[in-house]
Structure formats: C-alpha cells, structure tokens
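All remarks here apply to the structure that follows.
The values are calculated or read from the model by the stated rules, or taken from the named source; none is laboratory data. Just so you know, these numbers come straight off a predicted model, no measurement behind them. Here the Cβ is made from the backbone with ideal geometry for all residues, glycine too, and neighbour counts use every protein chain on show.
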Amino acid sequence: MPIRSVSLVSGLLILFLRLPAFGLELLTPPPFAQLAQPNIVVIGLAPGVERGTVHWEGKSTSFRVRNGRFHISLDLGAGTHSARFVAGESELMAQWEVMSSENESTYLYHAKVESGQCKSCHDPLAPPDPGENVSATCYECHASYNERSFVHGPVGMGLCSVCHDPHGAVGSNFLRMDPEDLCTYCHNQPVTLAHRQRSESRPCLECHDPHGARRKYNLNPKEGETP
Ligand code: HEC
Ligand code: HEC
Ligand code: HEC
Ligand code: HEC
Ligand code: HEC
C-alpha cells in the first residue's frame with residue numbers, strides 16, 4: 001500500500017478510535033455547553049447499570065439505561081444550571097448555560113435530535129456502530145453526494161460521522177472540528193510543493209468541496225460553472 005493511503009487509513013482509524021467507556025459520559029450536549037434553548041435532549045452512556053438519576057436545582061428525575069445508553073429531556077430555564085448525574089458508582093457534573101441568543105460557542109442540535117425524533121435516523125436502542133456506512137439514512141432527507149462525478153473518499157464510504165457529529169456540535173454544520181483541522185487530520189502529508197505554494201494559508205474549502213464535485217480533485221466550480 002502506498003504511504004499516502006496508509007496515513008489516510010490510520011487517520012480514519014484514529015478518528016473512530018474510542019476508549020471503552022467505564023463510567024458516565026454525556027455525548028449530547030457535552031457537560032459544559034452553551035445552549036440556545038431551555039428544552040434540551042441529553043444523550044449519554046452509562047455502562048453496566050439499569051437506572052440513573054439526574055439532580056438539578058432541587059429537582060431530580062430518574063431515567064432508564066438500556067444497553068448502557070440513555071436519553072432524557074430536561075426543561076431548564078434561562079441562566080446557568082448545574083446538574084449532577086448519578087448511575088451506579090459513577091457521578092458526573094454538568095454545567096450548562098442557556099443563552100438568550102446564539103453565538104459562535106453555542107451548541108446546536110441537529111433538527112431531528114432537538115425534536116426528539118431519534119427514529120428518523122436510528123432506533124435509539126440500536127444506534128449504528130462507528131465506522132458504519134450511514135449515508136442511506138442521511139440521503140433520505142439530504143441530497144445525495146454520490147451523484148457527483150468525483151466523490152470524496154470518506155463520503156463515498158458513507159462515513160458522514162467521521163466529520164459530522166450527527167447529533168449536534170458547536171458551530172455550523174455540526175463539524176467535529178474546524179474544517180482546516182479536519183482536512184489535515186487525514187491529509188497530513190504535504191501534497192506537492194506546487195500545491196503548497198498555491199494553497200499557502202488559504203482555506204482548503206476555498207478550492208475543494210468536502211463531499212465531491214464535478215471537477216477532479218473535488219475542486220469547486222470555476223466562476224460561472226454550475227456546481
Ligand atoms: C440525524 C441522524 C440522527 C438522529 C436524529 C439521532 N442519531 Fe443517534 N446516531 C446517529 C449516527 C449516524 C450514529 C453513529 C455515530 C458514530 O458513528 O459515531 C449515532 C449514534 C448514537 C449513539 C451511540 C453513540 C456512541 O458513541 O456509542 C447513541 C446512544 C445515540 N445515537 C442515541 C440517539 C438518541 C437517543 C437520539 C434521539 C434523541 C438520536 N440518537 C438521534 C445519527 C442520529
Ligand atoms: C428525517 C430527515 C433527516 C435525516 C434522516 C437527516 N437529516 Fe440532517 N437535517 C435535517 C433537517 C430538517 C435539518 C435542518 C435543515 C435546515 O434547517 O435547513 C438538517 C440539518 C443538517 C445539517 C446542517 C445543515 C445546515 O444547512 O445547517 C447537517 C450537517 C446534517 N443535517 C447532517 C446529517 C447527517 C450526517 C445525517 C445522517 C447521519 C442526517 N443529517 C440525517 C433532516 C434530516
Ligand atoms: C471530509 C469531511 C466530511 C465528510 C466525510 C462529510 N461531510 Fe458534510 N460537510 C463537511 C464540511 C466541511 C461542511 C461545511 C461546508 C461548507 O462550509 O461549505 C459540510 C456540510 C454538510 C451539509 C450542509 C450543506 C452542504 O452541503 O454544505 C450537509 C447536509 C452535510 N455536510 C451532510 C453530509 C453527509 C450526509 C455526509 C455523508 C454522506 C457528509 N456530510 C460527509 C465535511 C464533511
Ligand atoms: C477521514 C479521513 C479524511 C478526511 C477528514 C478528509 N479526507 Fe480527503 N480523502 C480521504 C480519502 C480516504 C481519500 C481518497 C484517497 C485516495 O483515493 O487516494 C481522500 C481524497 C481527497 C482528495 C483527492 C481527490 C481525488 O480525486 O484524488 C482531496 C482533494 C481531498 N481528499 C481533500 C480533502 C479536504 C479539503 C478535506 C477537508 C474538508 C478532507 N479531504 C478531509 C480521507 C479524508
Ligand atoms: C488555491 C486552491 C487550493 C487550496 C486552497 C487547496 N488546494 Fe488542494 N488542490 C488544488 C488543486 C488545483 C489540486 C489539483 C492537483 C494539483 O494541482 O496539485 C489540488 C489537489 C489536492 C489533493 C489531491 C492531490 C493528489 O495528487 O492526489 C489533495 C489531497 C488536496 N489538494 C488537499 C488539500 C488540503 C488538505 C487543503 C487545505 C490544507 C488544500 N488542498 C487546499 C487546489 C487547492
């Protein structure tokens with residue numbers, strides 16, 4: 001295998017590598033997040049237990065844990081909230097701030113998570129495995145990128161969640177990291193000297209489409225061309 005492919009494959013593996021969970025973990029929203037709405041959906045992991053409890057502001061709610069996973073809705077008000085999650089031996093503190101307006105640090109939910117319609121993507125008791133091809137689900141509502149002449153490697157493999165957190169994230173488009181870091185995470189070897197000189201300090205997305213394109217190398221359309 002050429003060296004370039006080895007680094008791309010290890011990039012994929014590293015992005016998907018997760019340590020086995022031993023205790024409580026909040027996936028959505030993270031334990032310290034700014035939120036734009038008072039009604040929130042919490043998705044978390046709590047391996048090895050059947051029930052858990054969340055305490056906040058003198059209230060408490062217990063929740064069922066199935067296959068080590070749970071999800072609950074909480075109705076917070078405006079302001080800063082501290083919540084304590086307890087499940088078995090494990091405890092976790094969260095501090096969420098409900099803001100009156102969005103800013104660049106606001107955690108945004110995917111529309112279908114926000115409305116609690118988990119099943120529009122998967123059975124909440126049987127979520128897809130990391131590394132599973134999930135594109136068919138996404139393309140039920142989003143235009144398919146597979147129709148494009150050149151499809152970007154991970155997009156063709158249906159690995160949408162390598163770049164997107166499908167439940168939500170801080171910033172637009174639910175990206176797992178800043179686009180530049182995302183690109184160089186896998187493309188960590190300089191392409192060519194000519195490419196480096198041409199692209200010096202210009203954002204990758206200025207020239208490349210992250211999903212695919214009509215032009216080779218997923219290049220964005222030239223001026224006047226249809227995408
Ligand atoms: C927009 C599509 C979409 C919606 C809506 C959605 N999920 Fe998911 N979910 C996914 C995908 C894709 C994965 C696999 C993630 C990955 O590969 O990292 C996943 C993974 C998960 C996992 C496993 C995460 C892990 O790290 O083990 C849980 C738990 C989960 N979802 C719960 C929920 C719950 C509960 C809801 C509803 C409140 C929900 N999901 C709504 C797309 C969705
Ligand atoms: C049942 C329909 C449905 C499914 C399935 C679905 N989405 Fe969405 N998605 C939406 C809606 C509705 C929005 C909000 C769109 C808007 O406001 O224009 C959205 C927004 C998004 C956005 C933000 C786009 C934007 O313009 O703000 C991304 C990224 C996204 N979805 C990714 C995914 C991925 C990845 C999957 C598969 C794991 C998926 N979606 C599955 C309905 C869906
Ligand atoms: C290599 C990383 C990467 C992969 C893999 C990826 N995306 Fe994206 N996606 C992005 C980036 C970056 C943006 C933001 C584009 C921008 O700002 O112009 C984006 C934007 C989007 C949007 C917003 C509308 C648009 O077209 O710009 C949707 C919807 C979306 N992605 C869905 C998906 C789906 C569905 C998959 C899997 C089939 C997928 N993405 C795979 C990086 C990726
Ligand atoms: C998860 C790993 C991963 C991420 C993240 C990623 N890529 Fe890729 N990229 C690949 C793979 C795999 C290929 C296919 C490699 C091949 O065919 O040699 C590829 C191919 C490409 C190509 C060459 C396409 C061609 O036709 O030869 C370009 C250009 C590219 N990626 C740009 C980007 C940009 C820009 C980003 C950031 C938005 C990005 N990549 C993020 C894995 C990734
Ligand atoms: C100024 C426009 C421009 C910018 C910015 C740019 N590229 Fe490119 N890229 C190109 C062009 C044009 C090609 C076609 C091959 C060539 O001329 O080197 C290309 C080719 C590539 C290839 C495929 C090379 C091959 O030989 O398979 C990859 C991978 C790539 N770019 C990644 C990136 C990444 C990652 C970034 C951001 C760090 C980036 N590019 C920024 C214009 C750009």
If you go through G52, G23, the only one that is in a loop (DSSP other than H, G, I, E, B), farther than 24 Å from G171 by Cα and in contact (Cβ under 8 Å) with a residue 12 or more places away in the chain is G23
Original post:
Hey, any hits in segment 194-212 for a residue that's of a type outside the set (A, V, I, L, M, F, W, C), in contact with a Phe, Trp or Tyr (Cβ under 7 Å, 6 or more places away or on another chain), assigned to a loop (DSSP other than H, G, I, E, B) and in the same structural domain as C138 (by TED's automatic domain parsing)?
Top reply: yes
Counted residues in segment 204-227 being exposed (fewer than 15 other Cβ atoms within 10 Å of the Cβ) and more than 9 Å from ligand 4 (Cβ to nearest atom) come to 8
- Message: Among the residues that make up segment 109-119, is at least one of them of a type in the set (F, W, Y), touching a strand residue (DSSP E or B) at 6+ places or on another chain (Cβ under 9 Å), part of a loop (DSSP other than H, G, I, E, B) and within 14 Å of ligand 2 (Cβ to nearest atom)?
- Response: no
Of a type in the set (D, E) and within 19 Å of P128 (Cβ to Cβ), is that true of D165? yes
Tell me, yes or no, whether segment 73-85 has at least one residue that is touching a Phe, Trp or Tyr at 6+ places or on another chain (Cβ under 7 Å), surrounded by 16 or more Cβ atoms within 10 Å (Cβ to Cβ) and farther than 30 Å from C138 by Cβ. yes
Per the filter on segment 152-169, residues hydrophobic (A, V, I, L, M, F, W, C) and part of a loop (DSSP other than H, G, I, E, B) are M157, L159
* **Test: residue in segment 123-143 that is away from ligand 5 (no atom under 16 Å from the Cβ), farther than 30 Å from G48 by Cβ, part of a strand (DSSP E or B) and polar (S, T, N, Q)** => no
In segment 91-113, residues that are within 16 Å of ligand 3 (Cβ to nearest atom) and modelled with pLDDT of 95 or more total 6
Among (1) of a type outside the set (K, R); (2) surrounded by 11 or more Cβ atoms within 10 Å (Cβ to Cβ); (3) farther than 30 Å from E114 by Cα, L175 falls short only on (3)
Can you find even one residue in segment 193-207 that is more than 16 Å from ligand 5 (Cβ to nearest atom), acidic (D, E) and farther than 30 Å from A33 by Cα? no
Being touching a strand residue (DSSP E or B) at 6+ places or on another chain (Cβ under 9 Å) and either more than 13 Å from ligand 2 (Cβ to nearest atom) or under 30 Å from I40 (Cα atoms) (or both) narrows L219, L205 down to just L219
